[in-house]
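Bear in mind that the values in this text are calculations on the coordinates, not laboratory data. Note that the coordinates shown come from a computational prediction; the quantities given were computed from them, not determined experimentally. In this analysis, Cβ positions are derived from the backbone assuming ideal geometry, glycine residues included, and neighbour counts consider all displayed protein chains.
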Amino acid sequence: MLCTRPSELDRASLKELKLLLDQEGYTDIGLNTAWKQWKNEDVAADIISFIRTMALDTDLVSHEDRIINAVDKIRKRKGWNKIQLKWIERFEYQLLKETILQIPDLNQEPFNRDGEYQRLNKIFENRLDEIITTLNENLYSA
């Protein structure tokens, strides 16, 4: 699933995977250090990126760069208004703190303070599901 459908991963699955890998000694710090020693590249990546890089023989892209690239693709999709752009920025900020952003997350902190999913969906002209799905797909696209 990490290689073929990473956008379908949920937070619980990622936490379970991270816990299992941590128990086997594969921590984020350890993986980043090993990568730096092996490739002489200082890249702060997450576990999904490491697995996909090795399994698919692709270049390793940092967590931050993946998010910036994915959000930029969303920004370029259409002429967003100022309010929509503000929310896209907030999605980006949340992704920088977390690994994924899903529809249920929009009913929790920090989004529940500002109207939750229903309000956001109206702001995005009832296309919020499509935007979040596309954003998650872009996180691991080439």
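Given the rule -39500 (n - 2.57) for each run of at least 4 DSSP H residues, summed and divided by the residues of the chain, what is its mean residue ellipticity at 222 nm, to the nearest 500 deg cm²/dmol?
-18500 deg cm²/dmol
Report, please, the projected area of the chain averaged over directions, based on the convex hull of its C-alpha atoms, in nm².
Values: hull surface 35.3 nm².
Across all orientations, the chain yields a mean hull projection of 8.8 nm².
Starting from the 7 Å offset along Cα-to-Cβ, what nm value, one decimal, do you get for the label separation of Lys15 and Thr58?
Result: 2.6 nm between the two label points.
With N denoting the number of residues in the stretch 63-139, provide Rg(C-alpha) divided by 2.2 N^0.38 Å, to two decimal places. Numbers along the way, then the final one.
Numbers: Rg = 11.4 Å, N = 77, 2.2 N^0.38 = 11.5 Å.
Relative to the 2.2 N^0.38 Å estimate, the stretch 63-139 comes out at 0.99.
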